[in-house]
Amino acid sequence: MKNRRFYFVFVGINVYLCKNILRRFAFDVNPAPVFLNTTIINFSMEGKKQIKTALISVFHKDGLEDLLKKLNDEGVKFLSTGGTHVFIESLGYECESVESLTTYPSILGGRVKTLHPKVFGGILGRRDNELDRAQMDLYEIPEIDLVVVDLYPFEDTVASGAEFQDIIEKIDIGGISLIRAGAKNFNDVVILSSKDQYAVLLDILNRRGAYTTEAERRGFAEQAFAVTSHYDTAIHDWFASVAEK
């Protein structure tokens, strides 16, 4: 009799736990994964934000087509520079140039393209901060919700045996600044800092539409700072090796 009573208590507890687990995840039946260190982690929809405008400026364009198609299907507006702008329009998508947003052309041989308050304000502006929002309205700064940027191939240029000045010109300034800005404001912005992440975001878009969670954005931000750290270390190592000669 004691064993039977214990059995019914055990079953009752498990039914209660199962009901609460199902209730907790009722609005997140199929959450999208975030890939961190090759581990798939599922998160709830806490901190959900919609991607409405994407700034895309990449050196490597391979693998970008599928992501652009899905973003376009979701009604995301494109903003871009130089060759990436031409590439996006060649696929038949509307794309606003950064120059038309800032009213400044690319200058100094391409050294200055995106370094402008209307670009960085759109990335760094905190959507839940009334003062930030008021200043964005005042200066007509659009919100930028997704930043897709990679960096000039500095290490490849060094490895190729290029001349000193050619290597200097492959030290990315605007790109790494955009990555850091997007990562810093992960609460509102998705930052893709490598073409290896296109498939990750595409999977999220296919599962949920143009929405990401805070946990997913935080994961992309962590990876972005890993990219910038590696990049700056490579530049430092090269400068140190040159100084030794």
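The values are calculated or read from the model by the stated rules, or taken from the named source; none is laboratory data. Here the structure is a predicted model, which is why all the values come from computation and not from measurement. Please note: Cβ atoms are built from the backbone with ideal geometry, for glycine as well, and neighbour counts cover all protein chains shown. Each accessible area value is taken on the protein alone, full model and side chains, heavy atoms only, with ligands, DNA and RNA left out. Shrake-Rupley method; radii C 1.70, N 1.55, O 1.52, S 1.80 Å.
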Of 52/170; 48/170; 70/170; 49/170; 49/195; 61/170, pairs whose Cα-Cα distance is over 28 Å: 52/170; 48/170; 70/170; 49/170
Positive dipole terminus of segment 120-179, leading residue within 161, 175, 129 (C-beta point charges): 129
Isotropically averaged projected area of segment 117-245, using the convex hull of Cα atoms (one quarter of hull area), nm²: 9.4
Percent carbon-and-sulfur accessible area, segment 108-224, ignoring ligands, DNA and RNA, probe 1.4 Å: 51
Charge-dipole axis of segment 81-166 as Lys and Arg at +1 and Asp and Glu at -1 on Cβ define it, positive-most pick from 101, 90, 117: 117
Approximate spin-label separation residue 69-residue 140, in nm, with each point projected 7 Å along Cα-to-Cβ: 3.6
Pair residue 199, residue 130: separation of 7 Å Cα→Cβ label points (nm): 4.7
Estimated FRET transfer efficiency when R0 is 30 angstrom, pair residue 99-residue 155 (beta carbons, to 0.05): 0.50
